[in-house]
Structure formats: structure tokens, C-alpha cells
Amino acid sequence: MAVYSVHLQGEGASGVAEAAFIRESFAWDAFLTGPFWLLRRQLWLAAALWIAAFFALVIFSGLGVLSLAASWTIVLLLQILFGLEANRLLERKLVRHGYHLVEVIAAPALDQAEFAFFRHFEAPAPLEPRATRTGTGSRQDVLGVFPDPGPRR
């Protein structure tokens, strides 16, 4: 069973259409693709830092400061850390764009988590029809600022 955090922009049902669901787990796609994952999600600063760290490791390895095995170990450990924290980066991006956490849902798949969340925001039941009045209208019968139709006095 997976856990999803639900983020909305705005208050109440107005921001439900733009709800963001983020799975709270290890991000395998971020672990495997690194900076491409960051660029695809427009996390420019994090992508620049990742690329700078990679080039620093290449330079240190080329200068003999780090052995090739140490460089690959550091890259692997950084990628594991990145896979663990990638979804936190997405949540921080959402916060910067005005989203806030509204719910945490446990569901086997994303579509079931969406269903569980959106069923709270179903359309309200239609209003019961009012009983109509019989008889003639008076000056007291007003709907908003418009009186009932009838002759002017």
C-alpha cells in the first residue's frame, strides 16, 4: 500500500481541479535518471547543483584526489540520497507555488488515491423545490431586489 500526499492551491473546493498527488516513497525514476528527472520537473537550481557536483567528482577523480572507486561510490550514495529526497523537492516546489498539504491518503495505486480524495468533493445534491405560493402578490413579496410581477401602484 502506497502513501500519497495531496496538495491544493487555494482554499476549499476551488483548487481541487489542480490537486497534486505525490507518492511518499523512494523515487526510482529520480535515482536512475538524475538530472534529467530534475530538468523534466523544472527544478533548475537542484539540476545545476547536481551537474556541478558530478563535474567536481570528475575533476577530483582526474586529478588523482579521489580514486575511481571512491568517485563511483560517492555518485551511488548521492543518487540513493537523491532517490530518497526527490519527492521532498517536488513538495517544496509546490509550496513555493502556493500549494499546501491537505491530506495524506493510503491507497494501492494513484488512481485509487485520486478516487478516495475526489469523492469528498462531489457535486452537492440538488436543492429541494420550494412550495409555490398561491394568491396575488403584494408589495412585500420580493425576490432579491425585484418584486413579483404585477401592476405598478
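All of the numbers you see were taken from the coordinates with simple rules; none came from a lab. Remember, it's a predicted structure, so these values are computed and weren't measured experimentally. FYI the Cβ positions are ideal-geometry reconstructions off the backbone, even for glycines, and counts take in every protein chain you see.
Is at least one residue of the stretch 30-41 loosely packed, with under 12 Cβ neighbours inside 10 Å and closer than 23 Å to Gly98 by Cα? First the steps, then the outcome.
First, pick out the residues of the stretch 30-41 that are loosely packed, with under 12 Cβ neighbours inside 10 Å: 32.
Then keep just the ones that are closer than 23 Å to Gly98 by Cα; that gives none.
Scanning the stretch 30-41 turns up no residue that is loosely packed, with under 12 Cβ neighbours inside 10 Å and closer than 23 Å to Gly98 by Cα.
The set of residues in the stretch 89-119 that are part of a strand (DSSP E or B) and within 30 Å of Ala48 (Cα to Cα) comprises Tyr99, His100, Leu101. The criterion of being small (Gly, Ala, Ser), surrounded by 12 or more Cβ atoms within 10 Å (Cβ to Cβ), in contact (Cβ under 8 Å) with a residue 12 or more places away in the chain and touching a Phe, Trp or Tyr at 6+ places or on another chain (Cβ under 6 Å) does not hold for Ala2. Checking each residue in the stretch 16-46 for being part of a helix (DSSP H, G or I) and among the aromatic types (Phe, Trp, Tyr) picks out Trp28, Phe31, Phe36, Trp37, Trp44.
Suppose we filter Ser71, Ser67 for residues that are among the polar types (S, T, N, Q), free of Cβ contacts under 8 Å to residues at least 60 places away in the same chain and loosely packed, with under 12 Cβ neighbours inside 10 Å; which single one remains? Walk me through it before giving the result.
Details: Ser71 fails: loosely packed, with under 12 Cβ neighbours inside 10 Å.
Checking each option against the conditions leaves just Ser67.
Within the stretch 86-104, if we keep just the residues that are surrounded by 14 or more Cβ atoms within 10 Å (Cβ to Cβ) and out of contact with any strand residue (DSSP E or B) (no Cβ under 7 Å at 6 or more places or on another chain), the residue that is nearest to His120 (Cα to Cα) turns out to be Lys93.
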